[in-house]
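J.: Take this structure, written in C-alpha cells, and hold onto it; I'll ask about it next.
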Amino acid sequence: MKFKWFQNKLTFVIIPEANGSVVRVKLSRAVLWGAVFALLLLVGTSCFIYVQQMQSAASSYLRTTELHGKAAKLEQDLKHKNEAIEQLKNEIFTLSKQAAEVGSKMEEITRLRQDLLKLSPGSGSADQAVSAASPETPPASKAGGVGGPEIPVTAEQVRALASSTGARYTELAAEMNRLSASFVESKKQLLAQQERQKHIPSLWPTLSKHVTSPYGYRRDPFTSKLSFHKGMDIAGKLNDPVYAAAGGIVHSVGYDKLHGHNVVLEHSSGIRTWYMHLNQAEVDTGERVVKGQRIGKLGTTGRSTGPHLHYEVLRNGKSTDPAPYLPSHSRKDVK
Ligand SMILES: [Zn+2]
C-alpha cells in the first residue's frame, strides 16, 4: 500500500497567459521527493562552504590586524632606537669637541709652565720633560654665520669619531700624568733655587749705598801707597744698622786693631761675608741669621778714617768683588 503511494503520480499543469497550449508534467512522488532532497542537500552544502569561508576570512582578518599591530610596535621601537642613536652621535661629537678643548688647554698649561721656568733665575734649561706645544688652533665661532648642504654621517664615520675621541682621551690622561710629574719636579727645582737665593749675599748690608772705596787696587788712605782693597767701603752714620747680606750661620765675632769689631757669616756653597769696623756686634758665634737680619752697628773701630762699613765677600776663602752680587737700587729690592 505504502509502495503504491510512492508510485502514485502527480500531474502539474502549466497554463501560459495567452493562446499557448497547456503543458502537463507528470511526476512520481519518488522523483519529487528526490528532487526536494537534492535541493536541500545543495542548499546545506552551500551554507557549509559559505560558513567555512567566512571563518577563514575572519581569522585572516584577525591575523592581518595582529601583524599590523606588531609592525606598528616595531616601527615605534625603531623610531626610539634611531632617536637614541642620534643622541649618542651628538654626544660623541660633543665629547670629541671637549677632547680638543682639553687638549688645547693642556698645551696652554705646558706653555705657561715653560714661561714660568724661564722667569725663575738660573732655570733656563730646566724644561725638557714636556715637549714643545704646537700653535693653538683658534676655536670655531658661529658669529660670522654658518651653512652648506646637510650631509648625513655614516655609521662608519661615527664609529671612527668615537674611536679617535677615545684614543685622544687616553692620550690626554697620559699627558696630564706627565705634566703633573714635571710640575712636581719644577716645584722642587724652584724651592731649591729659592733656598740657594737665600744664601747668596744679594742684599745691601747698609742703609746707605754710598760706596767710598770699591774692590780693587787703590791708594792706601793712610800711606797713600798703591795697595789692593779686598772689600767695598760703604759710608754711613755711626750706629746705623748693619744687615746680614744673606742667611747663614755666624762663623765668628771678634775684635782686633786692624778690623775693629767684626763679624764673619758663613753661607752655603763656600761663601762667607765679612763686616768690619763695627761700633758693636749684635750676634754671637754659631747663631743662625736670616737674610736682612740686624747683626751690628756701623762704626769706625780698627784701622778706619771715619764711620763706614768695610764689607767683604769670600768664595772658598778668597776675597771677591761684592758689587756683582748687589742690586744697584734700594736694599729692599732683593729678598
Ligand atoms: Zn775697606
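J.: In this structure, does Leu191 turn out to be part of a loop (DSSP other than H, G, I, E, B) and more than 16 Å from the ligand (Cβ to nearest atom)?
T.: The answer is no for Leu191.
J.: When you check Ser319 against the structure, is it part of a strand (DSSP E or B), small (Gly, Ala, Ser) and surrounded by 12 or more Cβ atoms within 10 Å (Cβ to Cβ), yes or no?
T.: For Ser319, the condition - part of a strand (DSSP E or B), small (Gly, Ala, Ser) and surrounded by 12 or more Cβ atoms within 10 Å (Cβ to Cβ) - is met.
Table: residues versus (1) aromatic (Phe, Trp, Tyr); (2) surrounded by 12 or more Cβ atoms within 10 Å (Cβ to Cβ).
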position: Thr165; (1), (2): no, yes
position: Tyr169; (1), (2): yes, yes
position: Ala173; (1), (2): no, no
position: Met176; (1), (2): no, yes
position: Ala181; (1), (2): no, yes
position: Val184; (1), (2): no, no
position: Lys198; (1), (2): no, yes
position: Pro201; (1), (2): no, yes
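J.: Could you tell me whether Lys118 is within 16 Å of Glu185 (Cα to Cα) and either touching a residue at least 24 places away in the same chain (Cβ under 8 Å) or surrounded by 10 or more Cβ atoms within 10 Å (Cβ to Cβ) (or both)?
T.: Yes: the conditions hold for Lys118.
J.: Something else about it: I'd like the full set of residues that are in a strand (DSSP E or B), closer than 20 Å to Thr301 by Cα and more than 15 Å from the ligand (Cβ to nearest atom), limited to region 201-248.
T.: The answer is Pro241, Tyr243.
J.: Output the residues belonging to region 219-248 that are over 58 Å from the mean Cα position of the chain (by Cα) and surrounded by 15 or more Cβ atoms within 10 Å (Cβ to Cβ).
T.: Of everything in region 219-248, those that are over 58 Å from the mean Cα position of the chain (by Cα) and surrounded by 15 or more Cβ atoms within 10 Å (Cβ to Cβ) turn out to be Pro221, His229.
J.: Still on this structure, I have one more. From Leu298, Leu314, grab the single residue that is in the same structural domain as Ala245 (by TED's automatic domain parsing), within 16 Å of the ligand (Cβ to nearest atom) and in contact with a Leu (Cβ under 8 Å, 6 or more places away or on another chain).
T.: Step by step, each of Leu298, Leu314 is checked, and only Leu298 is in the same structural domain as Ala245 (by TED's automatic domain parsing), within 16 Å of the ligand (Cβ to nearest atom) and in contact with a Leu (Cβ under 8 Å, 6 or more places away or on another chain).
J.: Out of His251, His277, His261, I need the residue that is within 13 Å of the ligand (Cβ to nearest atom) and either more than 53 Å from the chain's Cα centre (by Cα) or not in a loop (DSSP other than H, G, I, E, B) (or both). Which one?
T.: On inspection, the qualifying residue turns out to be His277.
J.: On to the next question. Given the conditions (1) more than 16 Å from the ligand (Cβ to nearest atom); (2) touching a strand residue (DSSP E or B) at 6+ places or on another chain (Cβ under 7 Å), and given that Pro327 satisfies all but one, which numbered condition is not satisfied?
T.: (2)
J.: Next question, about the same structure. In region 12-35, how many residues are surrounded by fewer than 11 Cβ atoms within 10 Å (Cβ to Cβ) and hydroxyl-bearing (Ser, Thr, Tyr)?
T.: Of the residues in region 12-35, 1 are surrounded by fewer than 11 Cβ atoms within 10 Å (Cβ to Cβ) and hydroxyl-bearing (Ser, Thr, Tyr).
J.: A further question follows. Only residues that are of a type outside the set (Gly, Ala, Ser) and exposed (fewer than 14 other Cβ atoms within 10 Å of the Cβ): list them for region 250-261, please.
T.: Tyr255, Asp256, Lys257, Leu258
The values are calculated or read from the model by the stated rules, or taken from the named source; none is laboratory data. Being a predicted model, the structure only gives us computed values, none of them experimental. Neighbour counts are summed over all protein chains in view; Cβ atoms, including those assigned to glycine, are modelled from backbone coordinates with ideal geometry.
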